[in-house]
Amino acid sequence: MSVLDQVDPDVSSIIAAEQRRQHAKIRLIPSENYVSHAVLEATGSILTNKYSEGYTGDRYYEGQQQIDKIEQLAIDRARSLFGAEHINVQPYSGSPANQAVYVALANPGDTVMGLSLAHGGHLTHGAGVSISGLHYKAVQYGVNESTGYLDYDEIERLATECQPKLIFCGTTAYPRVLDFERFAAIGKKVGAFVIADIAHISGLVAAGVHPSPVGHVDVVTTTTHKSLRGPRGGMIMCRAQFADAIDKAVFPGLQGGPHNHTTAALAVALKEADTAEFRAYAQAIVDNAKALGQALVERGFGVVSGGTDNHLLLVDMTNKGVTGNQMSKALDAAGIVCNYNLVPGDPRSARRPSGIRLGTPSITSRGFGGDQMIQLADWMDEIAQIRADESIDRDSRREAYRRVAGEVRDLCDRFPAPGLDIA
Ligand code: DSN
C-alpha cells in the first residue's frame, strides 16, 4: 500500500483508475503523451516546497542554492536542443507563455494576427473569447478551405492591409509543415514581430523532423508536455534583444514563483529529448500519423488536406454519416480516445462540429507501429459504420463498442506505456 493509499484512499483510487484508463485505451488526443518515470519522479519531488520569485542569481527569497542550479540546467539543455539565444523556462503553460509575449511586445488595443481557432489556431492567437481577442484588435487568418493548407499569399495580403504589431504562427489542428521563413519574411515586410507557437510540434522540432523557427522568428513559445514529452509547463525562446522584456513580462508581469518541481522535470525531459532514441521516436510519430492517414483515406474517411506532415490528422466525418461528436463518443466507448473538432469551413458549431482530431505522440510512446495503424483504421471504420447505421439498436451498438474495447485492451496489454505502474 502506498502512503497516498493510506492518507487519502479517495484520491489514490481515482489516480489508480485513471492509470488503468491510460493503460487500456488507445489515446489519440494529439496534445497528450506519456511521460517517463524519471519525469514523473522529478515532478513529484520536494522542489515543490520552494518559493523562488526572480531569476537565477537574482531572487527575492534566500535559500536558492539548488533552485538556481536546476533552472540553469533546464535553460542550458533547452539551448543545446533548440539553439535559441535566450530562454525562459518559468511560464506555467502555453497560454501564460503567449500572454507574456503580448505583455512584452504589444499594448492593449494593438492589432495582432493569428490563425483562427476554427481553422486550427489556438485561443491565445486572437480568439474572440480569450483575452487575446478581447484586449487586442485581433485579425484572424485561415487556411484555404478546399486544400486545407495555409495560404501564405493571403496571409501576406492581410498583414499588409492591417499592419499588425504581432503575427502568431502556430497551430493546434493543422497537419502540414509550417513555413516559418515565409512568416518571418511577412513580419519583416510589414514591421511586425513574429511569434512561433510550437506547442504541438516542439518534440518534432527538437528532433529535427519539423523545420525549426529558431533563427527565423522573433519569439518561440511552447508547452513542454505534448510531443516534447515533458511535464505540464511552458517555455519562451527569443532573440537576445527581447530577453529583458520577456523575462519581466513573465515575472513580475504575470506570474509569481516558478514551479520548481516542473522546472526539474523539464530539465529531465530535455535531457531525454537530446538522444538518438528520442529522434527515432519523433520520426516514428510522423511515420505513424502518415500511415494512419493513408489507411483512413483508403477506407473513405475525409482526411483534411489528404494526409499529414506531422503528428496529427483532422478528419471530416460527414461522408461517413456521423458528426464529430457522435464519432468521438462512440470511439471512446470502444476504447479509442480522441476529441471532436471543427474542420475548415465547418457548417456546424464548435460544440457539435463535423470532425475529429487524431494524434500519434501517445501511441508512438507505447511502441505502436505500422501494423497497429492499419488495425486502428479498421476499428475506426467499423465504429463509424455502426454509429451511422440507424437500423442498429442502442443495445447492439453498445455491445459492439464493448467488443472493440476488449480487443483494444488486448492490444494495449502488449504495448505497455512509459511511466505507468500497471501490474
Ligand atoms: N489544449 C491543447 C490542445 O489540445 O491542442 C492546446 O492548448
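A compact table of results
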quantity: Distance between modelled label sites at Ser13 and Ser80, nm, 7 Å Cα→Cβ extension; calculated: 4.6
quantity: Residues with amide H under 5 Å from that of Tyr55, placed H, sequence gap 5 or more; calculated: none
quantity: Per-residue Cβ neighbour rank within 10 angstrom, fewest leading, Val7, Val404, Val194; calculated: Val7, Val404, Val194
quantity: Cβ-based charge dipole, the stretch 230-295, positive-most Cα from Phe251, Gln283, Ala264; calculated: Phe251
quantity: Separation in nanometres of the label points that stand 7 Å from Cα toward Cβ, at Arg20 and Gln283; calculated: 3.9
quantity: Farthest positive-ward along the stretch 1-86 dipole, Cα basis, beta-carbon charges - from Leu73, Tyr51, Asn33; calculated: Asn33
quantity: Within the chain, percent of DSSP bridges classed antiparallel, to nearest 5; calculated: 55
quantity: Fewest-first sequence of Thr43, Thr263, Thr147, Thr222 by Cβ atoms within 10 Å of each Cβ; calculated: Thr147, Thr43, Thr263, Thr222
quantity: The chain: DSSP helices with Cα axial extent of at least 24 Å and average Kyte-Doolittle hydropathy no lower than -1.0; calculated: 65-82, 276-298, 370-388
quantity: More than 36 angstrom apart: percent of Cα pairs within the chain; calculated: 28
quantity: For the stretch 10-156, share of DSSP beta bridges that run antiparallel, in % to the nearest 5; calculated: 40
quantity: Charge dipole (debye, nearest 20) of the stretch 129-248; +1 at Cβ of Lys and Arg, -1 at Cβ of Asp and Glu; calculated: 360
quantity: Convex hull projection area averaged over all views, the stretch 204-352, Cα basis, nm²; calculated: 12.0
quantity: Kirkwood Rh (inverse of mean 1/r, distinct Cα pairs), the stretch 304-423, angstrom; calculated: 15.2
quantity: Test item: Cα-centred dipole of the chain, Lys/Arg +1 and Asp/Glu -1 on Cβ, debye; calculated: 320
quantity: Peptide ranges 130-137, 350-357 listed from the most packed, as the mean C-beta count within 10 angstrom indicates; calculated: 350-357, 130-137
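We did not get these values from a lab; they are worked out from the coordinates using the rules stated. Owing to the predicted nature of the structure, the values given are computational and were not obtained by experimental measurement. So basically every Cβ, Gly included, is an ideal-geometry build from the backbone, and we count neighbours across all protein chains shown.
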